[in-house]
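Shown next, in structure tokens, is the structure this report addresses.
Throughout, read-outs are computed from the coordinates displayed, never taken from laboratory work. Worth saying up front: this structure is predicted, and the values here are computed from it rather than measured. Cβ coordinates were reconstructed from backbone atoms using ideal geometry, including for glycine residues, and neighbour counts include every protein chain displayed.
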């Protein structure tokens, strides 16, 4: 079993650029979660999907952030334009409804 | 407001010693409770979870946790720590398995 796959693992970009983070959930899972981890704020849930539909996006910091899940095997988190304060580790997790969340290895984003 | 408190930011123990990591929560009803572990550069791995039933829960890697409703606590324990247990440990709470609130984490250091 491949687990949750995230790409890229590391991203360095300049302020103002668009950043797209990608996630492939575990096959068969129908819930997908995007988290952000920083030293200051810890681990925060940004948004989660169930059956490809966004259920709760109350954690999305502002309009610069958007997330999509066009099908059951792929999701993206986009930041446009990026800012230095967006620097963090972004995790994707997936689960079968009502079951344990399994986390990917994360994408470390640095915005210069 | 719902919250999770991990009062110990950093704990150091000797290999072979016992371990207890504290977790207190504030929640309106009996929550779902989780402990996750994060090794450097890795995603979070579930150690154990409590939904209902027996208040002493066994997890992977020899860990256990006890749910104490009267104290709003869910402390993690291990009778004998191994050097490979050095990592960061997160307690999490939720109304279900979806929208989890994570504590700020406890970093465990193990001395030989």
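Checking each residue in the range A:47-78 for being under 22 Å from residue A:99 (Cα atoms), more than 10 Å from chain B (Cβ to nearest Cβ), touching a strand residue (DSSP E or B) at 6+ places or on another chain (Cβ under 8 Å) and touching a residue at least 40 places away in the same chain (Cβ under 8 Å) picks out A:73, A:74, A:75. Output the residues belonging to the range B:80-95 that are within 8 Å of chain A (Cβ to nearest Cβ) and out of contact with any strand residue (DSSP E or B) (no Cβ under 6 Å at 6 or more places or on another chain). Those that are within 8 Å of chain A (Cβ to nearest Cβ) and out of contact with any strand residue (DSSP E or B) (no Cβ under 6 Å at 6 or more places or on another chain): none in the range B:80-95.
Within this structure, residue A:61 fails the test of being under 13 Å from the mean Cα position of the chain (by Cα), under 19 Å from residue B:90 (Cα atoms) and assigned to a loop (DSSP other than H, G, I, E, B).
Taken across the range A:91-107, residues that are in contact (Cβ under 8 Å) with a residue 12 or more places away in the chain and more than 14 Å from every other protein chain (Cβ to nearest Cβ) do not occur at all. One residue stands out among those in the range B:11-29 that are in a loop (DSSP other than H, G, I, E, B) and in contact with a strand residue (DSSP E or B) (Cβ under 9 Å, 6 or more places away or on another chain): the one that is surrounded by the most Cβ atoms within 10 Å (Cβ to Cβ), which is B:23.
If we only count strands (runs of 3 or more DSSP E) wholly inside the range B:30-98, which ones have 2 or more residues that are in contact (Cβ under 8 Å) with a residue 24 or more places away in the chain?
B:32-38, B:44-50, B:64-68, B:73-78, B:87-94
Across the range B:64-71, not a single residue is classified as closer than 26 Å to residue A:45 by Cβ, touching a helix residue (DSSP H, G or I) at 6+ places or on another chain (Cβ under 7 Å), surrounded by 18 or more Cβ atoms within 10 Å (Cβ to Cβ) and away from chain A (no Cβ under 13 Å). Among residues that are over 10 Å from the mean Cα position of the chain (by Cα) and surrounded by 16 or more Cβ atoms within 10 Å (Cβ to Cβ), residue B:58 is not included. Over 11 Å from the mean Cα position of the chain (by Cα), within 27 Å of residue A:92 (Cα to Cα) and more than 14 Å from chain A (Cβ to nearest Cβ), is that true of residue B:32? Judged against the criteria, residue B:32 is not a match.
Pick from A:96, A:91, A:49: which is under 24 Å from residue B:35 (Cβ atoms) and buried (at least 21 other Cβ atoms within 10 Å of the Cβ)?
Details: A:96 fails: buried (at least 21 other Cβ atoms within 10 Å of the Cβ); A:49 fails: under 24 Å from residue B:35 (Cβ atoms).
After applying the criteria, what remains is A:91.
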